[in-house]
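Quick notes on the structure that follows.
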Amino acid sequence: MKRGEIWWADLGVYRTQEQTGRRPVIVWQSDTLTRLLQSILVVPLTTNLDRAKLAGTAFIAASDGALAADSVALAFQMRAIPKACLKTRIRALTVDEFAELDLATDEAVGRVEPGTEPE
């Protein structure tokens, strides 16, 4: 488990307005914390491409034999889950996807105002 990897995860039972169930997530905490903690910070994915219009999101492309459909990473729904919820590694983010998610995370936590360039 490394920062920037996409994994299949079990996010639990349905909760209103949250990504739940079995779905891809991106590991987003530091590799050091991943080694030390039993929980892991993840960003859930959705195949609802309309979500890409929102601030705090990043486009993640489908890939042969790995991620079946184009997806959107929802940085504004970032959460900690138990490591045991991660089931199967899908692939790592590309350099461009990583950079886009980094910006989306900054927007989601207020380090950058949506629609502006970071300084």
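Read-outs throughout are calculated quantities, based only on the coordinates presented, and are distinct from any laboratory measurement. None of these values were measured; they are calculated from a predicted model. Note: ideal-geometry Cβ built from the backbone for every residue, glycine included; neighbour counts use all protein chains shown.
A Förster radius of 25 Å combined with the Cβ-Cβ distance from SER63 to ASP10 puts the calculated FRET efficiency at roughly 0.70.
Of all trypsin sites (Lys or Arg not before Pro) in region 75-119, which ones are in loop regions per DSSP and have a Cβ with at most 15 other Cβ atoms within 10 Å?
Listed in order of number, the matching sites are ARG111.
From helices alone, the chain scores -5500 deg cm²/dmol at 222 nm; the rule is -39500 (n - 2.57) for each run of n ≥ 4 DSSP H residues, then divide by the residue total. By the rule of a C-alpha distance below 16 Å, with chain neighbours fewer than 8 residues away ignored, the aspartates and glutamates paired with LYS83 are GLU5, ASP10, ASP31. Structural descriptor for the chain: relative contact order 27 percent, calculated from alpha carbon pairs under 8 angstrom and at least 6 residues apart.
Residues whose amide H falls under 5 Å from that of SER39, counting only those 5 or more places apart or on a different chain, are LYS83, with hydrogens built in the peptide plane.
If a paramagnetic tag sat 7 Å from the Cα of THR88 along the Cα-Cβ line, which residues of region 49-67 would have the backbone N under 18 Å from that point? Correct set: 62-67. For region 74-84, the Karplus equation 6.51 cos²θ - 1.76 cosθ + 1.60, evaluated at θ = phi - 60°, returns couplings of 9, 4, 6, 10, 3, 7, 8, 10, x, 4, 4 Hz by residue, with Gly and Pro reported as x.
The stretch between GLN29 and ASP70, if pulled fully straight at 0.36 nm per residue, gains 12.5 nm over its current Cα-Cα span. Along its principal axes, the chain has C-alpha extents of 37, 31, 31 angstrom, given from the largest down. Between the amide H of ILE60 and those of SER71, VAL72, ALA73, distances stay under 5 Å, these residues lying 5 or more places away or on another chain, with hydrogens modeled in the peptide plane.
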